[in-house]
Structure formats: C-alpha cells, structure tokens
Amino acid sequence: MARRIKIAPSILSARFDRLGEQVVEATKAGADMLHIDIMDGHFVPNLTMGPAIVKSIRPLTKVPFDAHLMVTHPQGLVKVFAEAGVDDLTVHVESEHEVSATLKAIADAGVKSGLVLNPATPFEKAVRYLVDVDLLLVMTVHPGFAGQAFRADVVPKIKEARAYIDREGIGCELQVDGGIKVDTARIVAEAGADILVSGSGVFPDHIAENLRALRAAAEAAGKARR
Ligand code: DX5
Ligand code: ZN
C-alpha cells in the first residue's frame, strides 16, 4: 500500500495581515499540520514569530502545530511554546545546547520532539538521537528565509535517513523543508520523505489549489517508490 504523505504548509509565507484567515483556509484545504518557523535573528539572520502569535491562532484550527526552532538557545524556549499550544518542537543539532537535555525538556513539556539538520550537516550527527525523537527534519535550504531554491545535493541524505530509519525499525517520521514545490515534492517523496513542509509553494494565494497539486505530486511519487 502507498504511504500517505503529509503536507505541512509553513505560515511564514502567509499574509500576516490576514494570518487567521489563511490558517483557516489551509485547514479547510486539508493541511495535515501547520509548520511554524521560529527565528531569533541570531541563529539565522531573520526574526519571525513568538509564542503570542502561536497562542492567537491556536483556537482557529485543530490541525497540529509543528514548530521549527531556528534559534541559538532552544532549551529556554521549550516551555513557553509548549504552553502556547504547539504539538511538536523541532530543534537544530547545530544550535548551542545539550541536545539530549533539550529533547528531554520537550518531552517533559508534553509535546513531540524532532531534530533538524542543516544542508551541510551529515546524517551521522542525528543518528544517536533518533530513538528519542518523533521527527527528523532534513533541511533542503539553508534556514532563514522562505522562497529559496531547493538544494538537490541534499537528496542523498534524505535517502540515507530513510534507509536507516527503515532498517533499524525506528518510529520517527522523516520531514523535509525548503524549496518544496510540485516538481521537488516528487523528488523528496521518491527519496522517502513522510512529511513535506512548503511555504511559498502553498501561501499566500490559491492555497487549496496549491495544496492539492503538492499532494497529488507527492502521492504519485510515493506510489512509485513502493
Ligand atoms: C526556512 C524555513 C522553511 C520555509 C520554507 O528557513 O525553515 O520552513 O518557510 O519556505 P519555502 O517552502 O518557500 O522554501
Ligand atoms: Zn521550517
């Protein structure tokens, strides 16, 4: 049977003057989760959303909130985002922290956890944490901004992660983020991704149509893979 690939629209590309409306629209269009990019202006050269935004959109949808923390010091932010209503928190292996301690703090806060790898970071850096996380996020752009071009040089790492997770029978889902549009959705689905994040491929216009096209591309590729 073909895998059902999940699509996680990133609200970073939504219109912030109509954020609530666009969250509702993405929900109605069948988004499986909403990806929330948290940037601190230090780990990456951009500043985005804090817990107040998460809290204000939380009542608008039942779809899980997947928060991607692109911050230098993630551990101190875990509690405040968990309390604001996120369902999972993913943290970069490249941030300045004791990864195991942060993952424990996330679990203690009662939300799912994930680890993120930048394009230049090898898969091996994640291996020892995989049994403790729900998600492994492989970045296909250097984090910081929506709308960047997909990096095809990361595809072998996605395949490597897929093979390892399957071979070892690990329960974590494989997520891919950055430059995912209809053509690249096909590539990463074929490489074995379970969850596709897409910002500018979904928002801000024609949300339902974009989501449908992404899903169709991903599912056709997912079927071809099995
Ligand atoms: C990049 C963010 C991504 C971004 C994706 O730093 O982590 O989630 O919003 O945007 P697109 O799909 O436009 O590359
Ligand atoms: Zn992201």
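Could you tell me whether Ala146 is open to solvent by 20 Å² or more (accessible area, probe 1.4 Å) and touching a residue at least 60 places away in the same chain (Cβ under 8 Å)?
yes
Filter the range 84-114 down to the residues that are open to solvent by 60 Å² or more (accessible area, probe 1.4 Å) and part of a strand (DSSP E or B) and list them by number.
Lys112
Evaluate the range 206-218: report whether one residue or more is more than 15 Å from ligand 1 (Cβ to nearest atom), modelled with pLDDT under 95 and either open to solvent by 40 Å² or more (accessible area, probe 1.4 Å) or part of a helix (DSSP H, G or I) (or both).
No: the range 206-218 contains no residue that is more than 15 Å from ligand 1 (Cβ to nearest atom), modelled with pLDDT under 95 and either open to solvent by 40 Å² or more (accessible area, probe 1.4 Å) or part of a helix (DSSP H, G or I) (or both).
Limited to the range 1-45, what total is found for residues that are within 13 Å of ligand 1 (Cβ to nearest atom) and either among the β-branched types (Val, Ile, Thr) or open to solvent by less than 40 Å² (accessible area, probe 1.4 Å) (or both)?
16
Taking the range 46-73 only, how many residues are touching a helix residue (DSSP H, G or I) at 6+ places or on another chain (Cβ under 7 Å), under 21 Å from Ala105 (Cα atoms) and within 14 Å of ligand 1 (Cβ to nearest atom)?
Looking only at that region, the number is 4.
I'm trying to understand the selection: among the residues of the range 115-128, which are outside any loop (DSSP other than H, G, I, E, B) and either of a type in the set (Lys, Arg) or open to solvent by less than 10 Å² (accessible area, probe 1.4 Å) (or both)?
Leu115, Val116, Leu117, Lys125, Ala126
For the range 73-83, give me the residue count where each residue is of a type in the set (Val, Ile, Thr) and surrounded by fewer than 20 Cβ atoms within 10 Å (Cβ to Cβ).
Keep residues of the range 73-83 that are of a type in the set (Val, Ile, Thr), which gives 78, 80.
Those still in the list that are surrounded by fewer than 20 Cβ atoms within 10 Å (Cβ to Cβ) too: 80.
The number of residues fulfilling the criteria is 1.
Which one is nearest to ligand 2 (Cβ to nearest atom) among residues in the range 134-143 that are under 11 Å from Ala193 (Cα atoms) and either surrounded by fewer than 12 Cβ atoms within 10 Å (Cβ to Cβ) or without any contact (Cβ under 8 Å) to a residue 60 or more places away in the chain (or both)?
Out of the qualifying residues, it is Val138.
Determine which single condition Gly41 fails, assuming it passes every other condition in (1) on the phi < 0 side of the Ramachandran plot; (2) without any contact (Cβ under 8 Å) to a residue 24 or more places away in the chain.
With (1) on the phi < 0 side of the Ramachandran plot; (2) without any contact (Cβ under 8 Å) to a residue 24 or more places away in the chain applied to Gly41, the lone miss is (1).
Given (1) under 21 Å from Ile180 (Cβ atoms); (2) part of a helix (DSSP H, G or I), where does Val131 come up short, assuming only one miss?
Failed condition: (1).
Among Ala185, Ala189, Ala193, Ala208, which is the only one that is out of contact with any Leu (no Cβ under 8 Å at 6 or more places or on another chain) and hydrophobic (A, V, I, L, M, F, W, C)? It would help to see each step written out before you state the result.
On the way: Ala185 fails: out of contact with any Leu (no Cβ under 8 Å at 6 or more places or on another chain); Ala189 fails: out of contact with any Leu (no Cβ under 8 Å at 6 or more places or on another chain); Ala193 fails: out of contact with any Leu (no Cβ under 8 Å at 6 or more places or on another chain).
From the options Ala185, Ala189, Ala193, Ala208, the qualifying one is Ala208.
The values are calculated or read from the model by the stated rules, or taken from the named source; none is laboratory data. This structure is a prediction, so every number in the text was calculated from the model and none was measured. With ideal geometry, Cβ positions are generated from the backbone for all residues, glycine too; neighbour counts draw on all protein chains shown. In case anyone asks, the SASA skips ligands and DNA or RNA and just uses the protein heavy atoms, side chains included. Shrake-Rupley method; radii C 1.70, N 1.55, O 1.52, S 1.80 Å.
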